[in-house]
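Visitor: Okay, handing you the structure first.
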Amino acid sequence: LVVLLVLLGLCYQLLQQEATRKEVTVLLAGLRTSIFGAAESRSALPQGPPELPRDVQVLVFFVLAKSVLEALIYGTFSLIGISIVPAQPWSWPSANWWRGFDSGEHLVMRSDLRCFYILYGARYIQAAVTVLLEPKRKDFLEMMVHHVVTIGVVYVSYLGGYNRVGVVVMVLLDPADVPLHLAKLCKYTAEQLKMNMWQFVADRLFEFFAVLFAVTRLIMFGYVCWSAHIESAAYFKHSFAATLCVILLYLLMVLQVYWFGLILKVAIRLLRGHGVEDIRSDDEDEEPEKKDSKKDS
């Protein structure tokens, strides 16, 4: 409900800008006509020169739309995971993740679980390709490693019988990203509309994101790593696939710790009275300035 209210509020604020709404309507109508319309309709499309102030507003609108889509994707996967995984008869206690492993029964999955697995793997393959195509950020390597390792966890756990712990990991990785993308949305809106209210909402969403990240990706995910490494050994002897899966889980844990360090940097900024900023973007913007200052000196 909170997510829905925030999205509705953002859409309402954007629709108040007549010029932006009109230009977005013209551009999307032109795109639709170009793809699906007749030849005479395409030739009759309106033409015009670039207008930087107007086009920047449209650019911001599409950036917001992308963030909305990302928030919806993470939110949808979170809801699917929360609906499917706790409903499994083995979901808790964690000892059930490993009992009967030697008998091969862990290779048998319900259709809803297999569907969730395949969807999740497809999503991360697409995400890895997207990271390669996008402009490189400061944490490009970390993001690429994260996506590749996650794909590895999905693949190895799916085929090696580690699917119970695999889906638990999937459920834990997504929820924190929802308030993160909503915070970005609010920040963009605050910058464009010059309204402190949206910066306030962005700060509160970031605080919620930081707490949720710590709970799901450090505490709960840390427990999953312990269970996969230590608790599982009481029920079966680790094979090569099991050992590889544990190594991949620990790699993911290292990345979560790294990102939580970045989160703490933003939290310190927030405590000092500054608004939420994207650390990766800040580092990219500041780097040329540092180089220039060194040259001047």
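Visitor: Rank Ile73, Ile263 by accessible area, highest first, at a 1.4 Å probe radius?
Guide: Per-residue accessible area, sorted high to low, gives Ile73, Ile263.
Visitor: Let me ask something additional. Given the whole protein assembly as supplied and a 1.4 Å probe, what does the accessible area of Tyr235 come to in Å², nearest 10?
Guide: 80
Visitor: Where the eigenvalues come from the Cα gyration tensor of segment 187-233, what are the semi-axes √(5λ) of the equivalent ellipsoid, largest first, in whole Å?
Guide: 39, 8, 4
Visitor: Now for a different question. Can you compute the charge dipole magnitude of the chain about its Cα centre, using +1 on each Lys and Arg Cβ and -1 on each Asp and Glu Cβ, nothing else charged? Give it in debye, rounded to the nearest 20.
Guide: 380
Visitor: Read through the labelled values [x] 5, 22, 28, 22, 14, 7, 2, 0; [y] 5, 20, 23, 22, 16, 9, 4, 1, 0; [z] 7, 31, 37, 20, 5, 0 and report the label of the one computed as P(r) over Cα pairs in 10 Å bins from 0, in percent from the structure.
Guide: The calculated read-out lines up with [x].
Visitor: Taking K and R as +1 and D and E as -1, what net charge do the other residues with C-beta under 15 Å from the C-beta of Met197 add up to?
Guide: Taking every Cβ under 15 Å from that of Met197, the sum is +1.
Visitor: Given bins 5 angstrom wide, list per bin the percent of all Cα-Cα distances in segment 20-167, short to long.
Guide: With a bin width of 5 Å, the distribution comes to 2, 7, 12, 13, 13, 11, 10, 9, 7, 6, 4, 3, 2, 1.
Visitor: Could you state the accessible area per residue of the chain in Å², with a 1.4 Å probe and every protein chain left in place?
Guide: Per-residue accessible area for the chain comes out at 56 Å².
Visitor: Find the Rg to Rh ratio for segment 150-279, where Rh is the Kirkwood radius over alpha-carbon pairs and Rg uses the same atoms.
Guide: Value, to two decimals: 1.11.
Visitor: Follow-up question, since we're still on this one. Once you've got the Cα coordinates, tell me which of Lys22/Lys66; Lys22/Lys265; Lys22/Lys136 are over 28 Å apart.
Guide: Lys22/Lys265; Lys22/Lys136
Visitor: With a 1.4 Å probe and all protein chains left in place, how much of the accessible area of the chain comes from carbon and sulfur atoms, in whole percent?
Guide: 68
The values are calculated or read from the model by the stated rules, or taken from the named source; none is laboratory data. These numbers come from a predicted model, not from an experiment. As a convention, Cβ positions derive from the backbone with ideal geometry for all residues, glycine included, and neighbour counts pool all protein chains shown. Just the protein is used for accessible areas: all its heavy atoms, side chains included, with ligands, DNA and RNA removed. Shrake-Rupley method; radii C 1.70, N 1.55, O 1.52, S 1.80 Å.
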